[in-house]
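Shown next, in structure tokens, is the structure this report addresses.
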Amino acid sequence: MELIAQYFPELTQAQRDQLAALEPSYRFWNAQINVISRKDIDNLMVHHVLHSLAIAKITQFAKGTRIMDIGTGGGFPGIPLAILFPSCRFTLVDSIGKKAKVTAEIAKAINLQNVEVITARAEDLKQEWDFVVSRAVAP
């Protein structure tokens with residue numbers, strides 16, 4: 001958490017609390033299903049959370065911006081970005097139901113109000129978004 005605070009010193013206490021709550025939430029869910037590689041869970045904050053926030057160093061989303069995260073998997077980059085940009089609306093999409101369920105449960109556990117999680121293939125959705133983000137998706 002200290003490393004993230006170094007890169008994002010403007011974080012509010014509420015954002016810091018939400019980010020700090022990610023690790024225990026992901027550890028719990030990762031023990032249930034393989035959300036993140038079991039070998040990589042110890043690197044969650046750097047390899048997943050901080051990497052997800054990297055876009056914020058070059059792009060600032062305006063209030064009300066609608067952002068879709070395609071192939072969110074366990075909620076990356078969508079959940080960390082939703083914490084950083086609470087006035088934006090995030091739609092996290094994954095075609096695998098168990099991953100979408102875990103993502104929704106984590107968002108709920110940290111009281112993330114600006115996130116909607118959908119189980120679907122992105123190409124089947126008809127809504128419009130201002131930005132689309134993704135870390136890795138399969139064809």
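Using alpha-carbon pairs under 8 Å, 6+ residues apart, how would you state the relative contact order of the stretch 89-135 in percent? The partial results should precede the final answer.
Numbers: 42 pairs, mean separation 22.0, N = 47.
After rounding, I find 47 percent.
Which values of log₁₀ I(q)/I(0), to two decimal places, follow from the Debye formula for the chain at q = 0.18 Å⁻¹ with a uniform point scatterer at every Cα?
Those come out to -1.00, one per q.
Considering only the other residues whose Cβ falls under 13 Å of the Cβ of residue 109, what net charge follows from Lys and Arg at +1 and Asp and Glu at -1? Let's see the in-between values first.
On the way: positive: 27, 101, 108; negative: 17, 23, 105.
Once all neighbours under 13 Å are counted, the net charge is 0.
Could you calculate the FRET efficiency of residue 135 with residue 105 from 1/(1 + (r/R0)^6), where r is the beta carbon distance between them and R0 is 22 Å, rounded to 0.05? Provide the component values of the computation, followed by the final result.
Details: r = 20 Å, r/R0 = 0.89.
For R0 = 22 Å, the calculated efficiency reads 0.65.
Explain nothing, just the number: dipole magnitude of the chain about its Cα centre with +1 on each Lys and Arg Cβ and -1 on each Asp and Glu Cβ, in debye rounded to the nearest 20.
Details: 15 positive and 14 negative charges, 39 e Å.
Charge dipole of the chain: 180 debye, to the nearest 20.
Amide H to amide H under 5 Å from residue 72: which residues, 5+ apart in sequence or cross-chain, H placed 1.01 Å off N in plane?
Sorted by chain and number, the residues that satisfy this are 93, 94.
Per residue and in cubic angstrom, what volume does the convex hull of the Cα atoms of the stretch 1-48 have? Provide the component values of the computation, followed by the final result.
Details: hull volume 3.1 nm³, N = 48.
Spread over its residues, the Cα hull of the stretch 1-48 gives 64 Å³ apiece.
Report, in deg cm²/dmol and to the nearest 500, the calculated mean residue ellipticity at 222 nm for the chain, where each DSSP H run with n ≥ 4 adds -39500 (n - 2.57) and the sum is divided by the residue count. Please report the intermediate quantities before stating the final value.
Numbers: 4 runs with 46 residues, N = 139.
Calculated from helices alone, the mean residue ellipticity at 222 nm is -10000 deg cm²/dmol.
Quickly work out the residue 62-to-residue 5 label distance, labels modelled 7 Å from Cα along the C-beta direction, and quote it in nm with one decimal.
Inter-label distance under the simple model: 3.3 nm.
What aspartates and glutamates sit close enough to residue 63 to cross-link, taking a C-alpha to C-alpha distance under 19 Å and skipping anything fewer than 8 places away on the same chain?
Counting by Cα, and skipping residues close in sequence, residue 63 has these aspartates and glutamates nearby: 10, 116, 128, 130.
Run down the lysines and flag those whose C-alpha is under 18 Å from the C-alpha of residue 101, throwing out any fewer than 8 positions away in its chain.
none
Computed from the coordinates by the stated procedures, all read-outs in this text should not be read as laboratory data. Because the structure is predicted, anything quoted here is derived from the model rather than measured. Virtual Cβ from ideal backbone geometry, glycine too; neighbours counted across all protein chains shown.
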